[in-house]
1. Can you tell me which of A:273, A:245, A:253 is at the interface with chain C (Cβ under 10 Å from one of its Cβ atoms), open to solvent by 20 Å² or more (accessible area, probe 1.4 Å) and either in a helix (DSSP H, G or I) or in contact (Cβ under 8 Å) with a residue 24 or more places away in the chain (or both)?
2. Kindly list the number of the only condition in (1) modelled with pLDDT of 95 or more; (2) within 14 Å of chain B (Cβ to nearest Cβ); (3) open to solvent by less than 40 Å² (accessible area, probe 1.4 Å) that fails for residue D:61.
3. Could we say that residue C:235 is crowded, with 24+ Cβ neighbours inside 10 Å, assigned by TED's automatic domain parsing to the domain that holds residue C:181 and either over 20 Å from the mean Cα position of the chain (by Cα) or not in a helix (DSSP H, G or I) (or both) here?
4. Going through A:95, A:26 one at a time, which residue ends up being assigned to a helix (DSSP H, G or I), under 17 Å from the mean Cα position of the chain (by Cα) and within 14 Å of chain B (Cβ to nearest Cβ)?
5. Only one residue in C:327, C:297 is closer than 22 Å to residue C:118 by Cβ and charged (D, E, K, R). Which one?
6. Any idea which of (1) free of Cβ contacts under 8 Å to residues at least 24 places away in the same chain; (2) buried (at least 24 other Cβ atoms within 10 Å of the Cβ); (3) more than 9 Å from chain B (Cβ to nearest Cβ) is the one residue D:105 doesn't satisfy?
7. Considering C:299, C:243, which residue is within 14 Å of another protein chain (Cβ to nearest Cβ), part of a helix (DSSP H, G or I) and of a type in the set (D, E, K, R)?
8. Just a yes or no: is a residue in the range B:106-124 more than 30 Å from residue A:35 (Cα to Cα) and either touching a Gly at 6+ places or on another chain (Cβ under 9 Å) or surrounded by fewer than 17 Cβ atoms within 10 Å (Cβ to Cβ) (or both)?
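The values are calculated or read from the model by the stated rules, or taken from the named source; none is laboratory data. Keep in mind the model is a prediction, meaning the values are calculated, not measured. So basically every Cβ, Gly included, is an ideal-geometry build from the backbone, and we count neighbours across all protein chains shown. For accessibility, only protein heavy atoms count, side chains too; no ligands or nucleic acids. Shrake-Rupley method; radii C 1.70, N 1.55, O 1.52, S 1.80 Å.
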Amino acid sequence: MVQFVQIVVNGVFTGGVYAIIGIGLSLIFGVMRIVNFAHGVFLVVGMFTTLFFFERLHVDPFLVIPLVVLVGGLLGIVLERFLLEPIVRAPEHASILMTVGIGLVLSNLLLFAFGDAPQIINTRYSTSTWHLGPITFSTALTIAFVLTVVVIGGLALILERTDLGRSIRAAAQNADAAELQGINTRRVRSLVFGIGFALAALAGALLLPQLFAHPSIGPTYTLKAFVVTVLGGMGNVAGAIGGGLLLGVTESLGAAYVSSSYRDAFGLAAFLLVLLLRPAGLFGRSRT
Amino acid sequence: MRRTPPSGSHPATRPRIGAGTSSLTGALVLLALLTFYPAAFPSFITLGVTIVLFAAMASAWDVLGGWTGQLSLGHAVFVGIGAYTMALLVLRNGVAPWWGAMVGMGASVVVAAMWGGVTFRLRGPYFALASIAVAEMTRIVANNWARLTGGAEGISLPTLPLFLGLDLFSRRVEFYMALILLGLALAVAWWLQRSRFGYHLQAIREDEDAAMALGINPTREKVWAFLASAALTSLGGSLYGIFLGFFEPRGMFSLDLSVQLALMAYIGGAGTLFGPLIGAGLLVGGSEVLRIYFPGKSLFVYGVLIILVVLFAPDGLSTAVRRARRA
Amino acid sequence: MIQTLLALALAFLLLGTAGGISGAAPASGEPIRLGAISSLTGSFATFGSMERAGYALAVDDINTAGGINGRPLLIDLQDDTSNANTALTVAEQFIRSGVPLVLGAYSSSITKPLAVYMARQRVPLLNSNSADDSITKPGSDYVFRVGQNTDAYVKPLFGLFKQLGGIKTIAILVSNNALGHSVENSLVTQAKDGDYQVVFDQAYDEGLTDFRPVLNRIKDIGADVLAMSSYEADAVALMRQIKEVNLNAKVFAGAGATGFAIPSFLKGGGEAVEYVITSAAWSPDVHYPRAHELFARLKAFMGGVEPSYHAIRSYAGATVAADALRRATTLTPEGIRETLLATRLTTPFGTVEFKDFNGFHNQNPLPSILMQVQRNKYITVWPPDVAVGKVIYPTPVWTARK
Amino acid sequence: MPEVLRTERLTRVFGGLVAVNEVEFAAEEGEIVGLIGPNGAGKTTFFNLVSGALRVSGGRIFFQGREITHAPAYRRAELGIGRTFQVMKPFPRLTVMENVLVGAFLRHPSRLAAERWAAEILKMMGLSEFAAASARSLTTAGRKRLEIARALALNPTLLLLDEVVAGLNPVEAEGTVELIRRIRDRGTTIIMVEHIMRVIMGLSDRIVVLTHGRKIAEGTPPQVASNPDVINAYLGTH
C-alpha cells in the first residue's frame, strides 16, 4: 500500500511538470489553431538558457527562472511576428511545417552554441529528498511542482481577471468576433505565442536539475505535450492540468505494475481513446 | 484558417481540363530519362535508389495527404509493415520476397482500413495527432514484441532468392524496382488528377461539408484513398527493407520517417503530380549536397529551407513555379 | 531547379576530396586512401568526434613513422549524419572509387546495414566501436571488429562476482534499444551459466526518464546486483533516482559500458555515482604501451575534452588497417581481407587479433575491463593483471554515506 | 401536386437553446417556398437539418414520401436534395468548371458526360467564361452563382437556396432572381431563405415564417405580409 501511494505521488509530481509543458501548447492551439511541433524544442531552449546562467553566472537554476521566462517570451513574440504571422491565413499544414522548421533551426542553433554532449548539472537538491511518513519526495521535483502550481494559478488569474486575459479568451473562442469587438487579435497572437514559449522554457528550467539537456531531445517532449493537451482538451488550459496529472499517474502505475518498456504506450493509448471518444478532452465541454 | 479571396475575377489563360495529356507526357519522359541514371552516375546509384524510392513513397503518402487533404504523420507504419512482413516471411517461412511484399501490402491495407475506419471521423489536426499516436504505438509494440519482430535489435536479410534471374541486392536492380514503383505512384496520381474518384478526394480536401452536399460519402472515399496510399507505401517499405538489408523498429516505424514523407510532398507541392518527386529529389539529394558543403550544418540549413518554402511557396515549389510561369 | 542540379553535380565531383585526414609526414609519394564513415553530425555526433580524433592521431603517427612502406596513408572520413541511408551512399562511393577497406561506423544501427552491404560488395569493413553482438555473430568474412562486443562487456562482471562471493540475485534494467537488449541477452545467458537468479528483468523507454516507479519495484523485490545499460545521460538520471528512492544493492553495475563509462557520468552524477562498477573497453591507467601518452595527446587534440575509449579504439582500428596494408601483397579488397585475418598487433588499446569463437567470426577476443568509481574517479579493478586498485565491496548503503 | 418535402415536429436543440422547435413544413413539386424570419430564427438550422448537415434532435423528415430523418447528407444529395451554403464553400483550389464537375459526376459517372453536363450548367448560370478560372478568384456574385451551379449539377428535385441574393448589387440580384425562376420552370422545387423582402415576396409561391425556432405563420406572400403575428415578430425584434 505504501508503495502504491509512493508510486501515485511520484506520478502526480511528474504530472505537474507534464501539465506545464502541455499548457503552453494548449494555449497556442486554442488561440492560434497551430499544432506547435517545436514545443519540445522551446523547452530545451529553456534548459540551455538556464544552463547558461548556471554555468556562467553560477546562479541557482531556480533563481534564474524569471530571466529564462523573459527570454522565452521574447523569443516567442519574435518568432510569431516574423514567421507565423505571415502565414496566419494559410492552410493548417503550413503552420505545422513552419513549426517543424523552427524546431530544426532552434535545436541546431543550440547544437552550435553548446555542443552535442548531453549536459547534466549537479545541484544540492538534484538527489536530495524529504519524507512524509513512509513516503519519500524528491526535493527538486517538489520545488518544480510548487512552482508549477504557482505559475498555473497566476496564469489562471491573468486569463480570468485582466483585460489581456479576456482578449485571449475572446480570441480563442472566435477570432473574427473578437476582431469586431475591437480586440487586436494580431497582438493577442504574438503574446500568446510568447506566453506559450515562456511556459515551455519554464518547464525546461524546472526539469534541468533532475534530467539532462541535449539539443536533440526536443521531439520527445513535444510528443508528451501532445498527449497532455489531447487528454485535457486541445485549447483547454485548465484541462491541461488534469491531462498532465493523468498522464503522470498513468505512466507511473503502468511502468511499475505492468511493464516499463510499454510506459510511453500507456499515455498514447489514453491519448488515442480520448481523441476518438471525447475529442474535446476529458475535462472539456463538447463544442458542437 | 480560410484564405481571403483576392477580389476581381479574371478569365484563365488556359483551361486545366485536358491538361492531363501534357502532364502524362511529362511523366513518361521523366521516367524514360531516369532509366539512364544508373549508367550516367554509376557511383551514385545508392543515392538514386534513395531518391526514387522516397519519391515513390512520398507520392503514395500524397494520395491521402495531398489529394485527400488528410494529414497523416504515421505513414512509417506502412513502411515498417512492408519491410517487416517481407523480411519475416523470407527468414522464417522461406517465402520469396515478392510474395512477402504482396502479403505486406495486404496487411497494410487491413491496418489502414481499421485505422481509417476508426479515425476518419476526426478532422484537421486531430486526425494528424491520432496518426502520430497510432504510429508511435506500433513502434513501441514492434520494439517490444521480440518474438514476432526480433525486437529492438532488428533483423537482417542475409540472402534472397533471385527475382526473374535478378539479384535483388544489386543497387541497379533496386533502382529499377524503385522506378517501377514510382511509375505506379505517378500513374495513380495522374489518374487522380482527372478521374471522378480523384475529384471526390479533392472536393473532400477543399471542403468536406460541401463535398457531402454533392453526394460524396467522405468516410468511404477517404478510406479508399487510405487503402491505396497504404498499399503503395507498403510496397516501398518492402523495397526499402531489401535496400537496407538490416533494419530495426526504431528506424522503420519512426516519427521522423513519417514526417519526412509529408515534408517531401509539401515542399514539392502536395496534391500535384510531380510535387512529391520534386520534394524527394530536393530533400534527399539536397541533404547530400548540404552534407558536403555545410558539414555539420546540414540539418540547420534544412530547417531554414523549410521555413523559406512555407513563407514564400506555401503550396509547394511545383505550384509556385507553375504560378510564376503563368504570371 | 537547374541550379540545384548543378550544385548536385558539382558536389559529386568534389566528394572524395572532402574530409581527408593525412598528416604532413616523412612518407611521400602517391597516398594510399582508405574510407572511413562516422557520425560527425546528428544524434551520435559526440562519439563521431571521438572517432575523428582517434583516426587523425593514428594517421599522424603512421605517416611520421614512414607511412605504408614509404607511401603516406590517407583516411577519407565522411559524415553519415547519423543516418544509415547516408552511410550506404558514402560506402558505395568509396567502393566505386577503389578504396580497398572501409573503417566504421559508430552506431550498431548504422554498422549493421553497412556490414550487410560491404559483405555483398566483398570489400572488408573494419569496425572499431559498435558493440552489438550480431555484427560478428554470425558476422561475415568481410567484417572485422576491433572493439569488444556486448558479451565481452558482461563477462568480466561475472568473473568479479565469483571472486567477491555472496552474490545470488541480479536485477536487470536496460534501455529499450538494440544495445540495451543485446546487453540484457548477455546478462541473462551468463547469469544462467553461473547459477545466478535473475529476479527482475525489464527495459525502459528512453527519453523523458522518470525511473522512480521501476526503481521502487526493484527495491521491493530486492537484489544483490542491479545491472544496467544506458546511453549517456540516462545513466546519471538513473543513479540519481536510485539514490533518491534509497534503493540499495551490493553492486551497481553498468554492464554495457557506454553511458556508465564516459567522463560526463562522473561530472554529472557526483556523489550519486560513487562505487558504481562499470565495464569499459579501456582506461588510461591500463598497462599497455603508450596508453598514457596517447590519452594525453587525444585530450589535447580535442581541445581539452576528455576522450572516451571510443577515440582509443578508433586509433587502434586505423593502426590495424595500416598494419594490414603494410603486410598486404596486393592492395585489393581481397588482399587486405586475407592479411587482416593474420593480424596480431599490440596497440595502446590492447592486443588486436581476429578470431572465430563461440559463434563469433573475425572478432577481437580482447576482454573488457571493469572500473569502479572511487572518489569521483574511474579506478580499474578487473581483471587482476591490469587492475590498479581494489574493489570496494559491498557498496555502502545510501544512509551510511556521508 | 405531389409532395416533395415534409417535416413532422422537426426539432433541434443546441445545449439549452431550441433552435428549431417542432416545425411542421411541407413543399410541393414545382413550388418556390420562401422561408423568412428575424436573425437567429432557425432558418439556416432548418436547412442544415433537411440537407443532413446536422442531426435532428426530434421529429421526422420525409422526402418524396420516403423517410430520410437519419440519412447522411451525401445520401440525401443522391436522392435529389441540392443546397447552397450561406457561408459560401467553393473548392478554392479547383477551377470553376471542376467545382461544378464534382457535382455533375453524381448523375454522370463518365467524365465526358459529366463535363458536357457541367458545361451546360455553367452556360445557364452565365459562368462559362470563367470555367478555367480558379474558384478563389471569383467575386462574391460569381461565387454565389457557383454555389447554385454546383447544386444544380446534381440535377436536384429539391433545391435549398440560402441567401443567394443578399449582398449582390441590384443588377446582379435581378439576374439571380431570373435564374431562380428558370430553375423552377425546369420543375425543380425550391425552398429559399432570403432577407431581402422584395425578392422573396416577388418570387415565392408560399411563405413560411419562423421566429425562435417556431413556425408562426404560413401562406401566400400577401397573407403573410398582413399577418399581425409576423409584423409583431419583425417589429418586436428591431
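1. A:253
2. If we test residue D:61 against (1) modelled with pLDDT of 95 or more; (2) within 14 Å of chain B (Cβ to nearest Cβ); (3) open to solvent by less than 40 Å² (accessible area, probe 1.4 Å), just (2) comes out false.
3. Here the answer is no, as residue C:235 does not meet what is asked.
4. Criteria check complete, one pass: A:26.
5. C:327
6. Condition (3) is where residue D:105 drops out.
7. None of the others qualify; the one that does is C:243.
8. Within the range B:106-124, one or more residues are more than 30 Å from residue A:35 (Cα to Cα) and either touching a Gly at 6+ places or on another chain (Cβ under 9 Å) or surrounded by fewer than 17 Cβ atoms within 10 Å (Cβ to Cβ) (or both).
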